[in-house]
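What follows is a short report on a single structure.
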């Protein structure tokens with residue numbers, strides 16, 4: 001299975017820096033990915049914590065679309081419980097047209113309980129509301145007969161989208177999945193793709209990726225649908241450099257700050273390794289939670305994930321600024337040059353052709369000399385030149 005590669009931008013920017021410049025760096029990163037041949041960039045929606053400052057992925061992606069040529073752009077994700085489903089459907093369809101079909105539609109229940117609290121939404125309502133909203137959005141995407149819905153948190157009366165999706169039948173849909181089965185079940189119910197945002201360890205221990213995927217397949221079968229591993233994307237932090245030591249030193253301070261100052265101190269997720277701070281990155285790498293090292297280390301880590309999961313169709317780098325902008329760009333370049341081709345089949349013909357040429361090198365050398373000599377003899381014969389002259 002050919003694997004797609006891209007980036008998942010929450011994005012993460014530590015507080016204390018110019019937010020306008022941080023947003024510009026995010027746009028420049030997507031431009032860089034487009035030039036390097038990465039196929040996807042997904043951008044999140046958040047409204048609190050001070051770290052993730054893109055409130056509308058649709059607006060951000062509209063700007064990114066004007067700066068890029070090939071890369072597909074995904075909402076990663078729209079927090080469905082925060083919005084009226086008609087408004088979401090309308091915005092996504094408009095973006096689908098403006099980008100001529102370069103949009104992926106990622107959905108989730110909401111990334112931060114601090115967002116939900118500001119909106120007065122109880123945490124227990126988030127996943128049921130997401131499922132309810134997605135059901136309505138899919139109907140709006142696919143039906144032209146007006147319909148009405150009365151929910152406890154929204155209503156529709158004779159609703160129909162006046163602008164139909166540009167992509168047929170609509171932009172590809174992907175549902176987030178972390179530790180709970182909810183995302184996989186919802187993906188199976190709709191035959192949608194999956195964005196697995198946690199691939200290492202959850203509250204109950206190591207995540208069984210293969211078992212999670214079976215949930216999606218079983219739910220799809222129950223609903224008369226199918227799901228494809230080609231539409232399953234795993235998301236994890238990746239940073240590579242020419243040497244493993246350089247990569248780890250690049251990420252040592254900022255990687256630890258992300259885990260301690262953001263994941264633990266802001267979102268309340270306990271650290272999966274004990275520390276101390278100057279050992280966090282080493283421990284996360286040793287535990288297999290993060291991929292930090294050389295391109296060969298990245299290749300080996302992806303191969304292990306393929307074995308654990310049974311196969312998946314895409315890998316998204318969970319974008320972090322754990323090194324200087326130059327080293328972050330270099331990491332993506334090294335991935336594009338040395339890692340992506342290994343999982344996309346693009347080296348098969350090159351390696352086969354190279355092997356044939358190498359095997360015939362001695363024979364080709366003799367034939368080349370013989371051909372040159374034959375050409376010289378023919379020239380001399382034509383000009384009446386004596387070979388001993």
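The values are calculated or read from the model by the stated rules, or taken from the named source; none is laboratory data. Not measured: the values here are computed from a predicted model. Backbone-built Cβ (ideal geometry, glycine too); neighbour counts: all protein chains shown.
Of note:
Residue-by-condition table, conditions (1) within 21 Å of the chain's Cα centre (by Cα); (2) at pLDDT below 95:
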residue	(1), (2)
112	yes, yes
118	no, no
139	no, no
142	no, no
159	no, no
170	yes, no
181	yes, yes
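- The residue that is nearest to residue 110 (Cα to Cα), counting only those in region 1-24 that are touching a helix residue (DSSP H, G or I) at 6+ places or on another chain (Cβ under 7 Å) and surrounded by fewer than 16 Cβ atoms within 10 Å (Cβ to Cβ), is 14.
- Within region 186-282, strands (runs of 3 or more DSSP E) holding 3 or more residues that are over 23 Å from residue 137 (Cβ atoms), touching a strand residue (DSSP E or B) at 6+ places or on another chain (Cβ under 9 Å) and at pLDDT 95 or above: 238-240
- Among the helices (runs of 4 or more DSSP H) confined to region 300-389, the ones with at least 1 residues that are in contact (Cβ under 8 Å) with a residue 40 or more places away in the chain are located at 325-334.
- Restricting region 284-302 to residues that are modelled with pLDDT of 95 or more and out of contact with any helix residue (DSSP H, G or I) (no Cβ under 9 Å at 6 or more places or on another chain), the residue that is farthest from residue 262 (Cα to Cα): 300
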